[in-house]
1. Can you pull out every residue in the stretch 506-522 that is open to solvent by less than 40 Å² (accessible area, probe 1.4 Å) and touching a strand residue (DSSP E or B) at 6+ places or on another chain (Cβ under 6 Å)?
2. Looking at Ala178, is it more than 28 Å from Pro546 (Cα to Cα), of a type outside the set (D, E, K, R) and assigned to a helix (DSSP H, G or I)?
3. Select the helices (runs of 4 or more DSSP H) contained entirely in the stretch 386-476, then report the ones holding at least 3 residues which are farther than 18 Å from Phe315 by Cα and either modelled with pLDDT under 95 or open to solvent by less than 10 Å² (accessible area, probe 1.4 Å) (or both).
4. For the stretch 508-555: of the residues being among the acidic types (Asp, Glu) and modelled with pLDDT of 95 or more, which is nearest to Tyr148 (Cα to Cα)?
5. Scan the stretch 202-217 and give yes if some residue there is open to solvent by less than 40 Å² (accessible area, probe 1.4 Å), in contact with a strand residue (DSSP E or B) (Cβ under 9 Å, 6 or more places away or on another chain) and closer than 23 Å to Tyr128 by Cα, otherwise no.
6. When the residues of the stretch 42-73 are narrowed to those that are open to solvent by 10 Å² or more (accessible area, probe 1.4 Å) and in a helix (DSSP H, G or I), which ends up nearest to Leu6 (Cα to Cα)?
7. Scan the stretch 527-537 residue by residue and report those that are open to solvent by less than 20 Å² (accessible area, probe 1.4 Å), out of contact with any helix residue (DSSP H, G or I) (no Cβ under 6 Å at 6 or more places or on another chain) and either under 15 Å from Val455 (Cβ atoms) or not in a helix (DSSP H, G or I) (or both).
8. Where residues in the stretch 550-587 are assigned to a loop (DSSP other than H, G, I, E, B) and in contact (Cβ under 8 Å) with a residue 24 or more places away in the chain, which of them is most open to solvent (accessible area, probe 1.4 Å)?
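The values are calculated or read from the model by the stated rules, or taken from the named source; none is laboratory data. Predicted, not measured: the structure shown is a model, and the values here were computed from it. All Cβ positions, glycine included, derive from the backbone under ideal geometry; neighbour counts span all protein chains shown. For accessibility, only protein heavy atoms count, side chains too; no ligands or nucleic acids. Shrake-Rupley method; radii C 1.70, N 1.55, O 1.52, S 1.80 Å.
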Amino acid sequence: MANEFLPICREDMEARGWDVCDFVYVCGDAYVDHPSFGHAIISRLLEARGYRVGIIPQPDWKKKESVMALGRPRLGFLVSAGNMDSMVNHYSVSKRRREKDSYTPGGIMGKRPDYACVVYCNLIRSVYPDIPIIAGGIEASLRRLAHYDYWSNRVKRSLLLDSQADLISYGMGERSIAEIADALASGLSVRDITFVDGTVYRTDRLDSVYDAVVLPSYDEIRRDKRRYAESFAVQYQNTDAYSGKRLCEPYGDHLYVVQNPPAKPLSVQEMDDVYDLPYMRTWHPVYDEAGGIPAFSEVKFSLVSNRGCFGGCSFCALTFHQGRIVQVRSHESIVKEAELLTKEPDFKGYIHDVGGPTANFRFPACKKQTKYGACPDRQCLFPRPCRNLIADHTDYIALLRKLRSLPKVKKVFIRSGIRFDYVLADKKKDFLEELCRYHVSGQLKVAPEHVAKPVLKRMGKPEPSVYQEFVREYTKMNEKLGLKQYLVPYLMSSHPGSTLTEAVELAEYLRDIRYTPEQVQDFYPTPSTVSTCMFYTGLDPRTMEPVPVPVNPHEKAMQRALMQYRLPKNYELVYEALKKAGREDLIGFGPKCLIRPRDGRAWQENAWRENAWRKNASKGDGGKEAAGRGNHGRKSSGEWEAAGKTGMGKKSAAQPARKKSTIRNVHKSPKGKGQKQ
């Protein structure tokens, strides 16, 4: 039975000779039995401990019968919204409904409800009033205490209360779920399971809660944004498994939500054990007809080497969910999984990624962390690397070399985030050479996020000079290797701290490097991040300093437009933004100007379009030069054609038909000779 999918229906149970499950796992994602999916890890972990686990993937929340498919479990229900928060899954930052759900068969949207964890738990409670319900996954984890909810624009209670669950297992959950299962199996009432690290429970009295830090009450933080920021600051300082305190959040006089300290990090052996469980390593065959699960295609040939991150970016929820202490798998475990990948019939020789939240973190930031935990009031890399930081890529390089040497492996890519400041902190420079020589294919994506110091300060990112130093080192290394490889910077608009002044500074930087982003990432206020706290309160919870926050949709649109100021459709927004920022000096005909004046705009569009057309005609290649690196950020003929259709310039009938081109980043270029494909 170890090489079969877990039961998803009564027939599957009967085939195994089961009359009842010990646990039923209700999940907002389709069932993919692969260690990149949380429901697979937790269910296989419990199976390995002798428990019978069934799965109800994406039940119809409008029908009570959907959660009764496997009957009443002996010990309880486990509930997760899936690998993503259901609201992030459903809505863009502009709160528009997305068209695709990558965790659903065929990418179909609408197979899970908004606030899925709350809905599923309440549905189960309506059918089985007295059954233990344990909520988990990232949605429950990041909403475990009162939190600002961007989609409803209000402060919501702990998910534990709104869902009617008995416990929340927060974080990655392996330790806590095993301890909960054993406690329930021993006959302990779920109401008495108040001692497990990495869990949240409710109580009506505080006399049984010892050594807890009492947070401001829900009523206080709902009414007073400063109190909200103060509460969040305490939570943020207690996310470490070694130094974190028990927290208590009052809801009136007779209701309290208690968060136990985080569960301890997994050892290397424990990490190996998790990834060595008997996964089927694919989606359940019931999804074949629909074309499978799109999200699985992104991870099928990728390898997880670590979890946790000491990067400390303000907009990232990893501190709250996985913690700052890096946990890793052994080389043997990763190589073993890589060998399995090479045996897949559709393996083409390429391992798509070897990493985690941050690819080049392979051990805790310093020796102190393994004994005392991460510092509650200091960051490892911001504003500059800590003097105790161990910046060493030796282990990661050795791992990558082992993977490259495997039969059938042509190339190993690194597509997880690379912390460029950590690369620079490693004085040996051998990783940068290894990276450029073997693990980049034309482009390396990195995340400076912004260039303005006030914004970077709030983001918890290094100063722009650090990124510029990395650009120089990366360029120098590629020149040494005889390779033409370029950097693609990830940049973010409308983050707290960014006014139009900082947005214009970012636009000037894009002008200077001759780069137009194909897409713009607007800041998304997801639950339980420092940046979201700033977005809601206008205060930096770490210092209680006031922070300017772009919340008006029109201002945010102007900041986005500035990042793509070359696009004709953005002209009016860019013009307005420059006027409001007092930067009319950037409107004109000079080499530093972003846009032309209104009375010179038609001339500008016609001149650029004519120039692009002449280049294309002389090349005779359908406009490839105009759209590529040689264009230096100017618009291609196809783009001006598209602009003409929206009234931003008219296409001459005398011009010959040409292939449409798209904006590509100006760094992209063919690889140098001799580079391994």
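1. As a first pass, look at the stretch 506-522 and keep what is open to solvent by less than 40 Å² (accessible area, probe 1.4 Å): 506-511, 515-517, 520, 522.
Within the stretch 506-522, Val520, Asp522 qualify.
2. Values: more than 28 Å from Pro546 (Cα to Cα): yes; of a type outside the set (D, E, K, R): yes; assigned to a helix (DSSP H, G or I): yes.
Criteria met by Ala178.
3. On the way: elements: 394-404, 420-425, 430-438, 453-459.
Passing ranges, in order: 394-404, 430-438.
4. Keep residues of the stretch 508-555 that are among the acidic types (Asp, Glu), which gives 508, 512, 518, 522, 540, 545, 555.
In the following step, the residues that additionally are modelled with pLDDT of 95 or more were identified as 508, 512, 522, 540, 545, 555.
On the way: Glu508: 34, Asp512: 38, Asp522: 18, Asp540: 15, Glu545: 19, Glu555: 22 Å.
Within the stretch 508-555, the match that is nearest to Tyr148 (Cα to Cα) is Asp540.
5. Taking the stretch 202-217 as the starting set, the residues that turn out to be open to solvent by less than 40 Å² (accessible area, probe 1.4 Å) are 203, 209, 212, 215-217.
Next, only the ones that are in contact with a strand residue (DSSP E or B) (Cβ under 9 Å, 6 or more places away or on another chain) stay: 203, 209, 212, 215-217.
Add one more test, that the residue is closer than 23 Å to Tyr128 by Cα, and what stays is 203.
The answer is yes, given that some residue of the stretch 202-217 is open to solvent by less than 40 Å² (accessible area, probe 1.4 Å), in contact with a strand residue (DSSP E or B) (Cβ under 9 Å, 6 or more places away or on another chain) and closer than 23 Å to Tyr128 by Cα.
6. Taking the candidates together, the pick is Glu47.
7. Thr529, Val530, Ser531, Met534
8. In the first step, residues of the stretch 550-587 are kept if they are assigned to a loop (DSSP other than H, G, I, E, B); the result is 550-552, 564-567, 581-583.
Restricting the remaining residues to those that are in contact (Cβ under 8 Å) with a residue 24 or more places away in the chain gives 550, 564-567, 581, 583.
Details: Pro550: 1, Gln564: 27, Tyr565: 17, Arg566: 29, Leu567: 26, Ala581: 28, Arg583: 63 Å².
Ranking the qualifying residues of the stretch 550-587, first place goes to Arg583.
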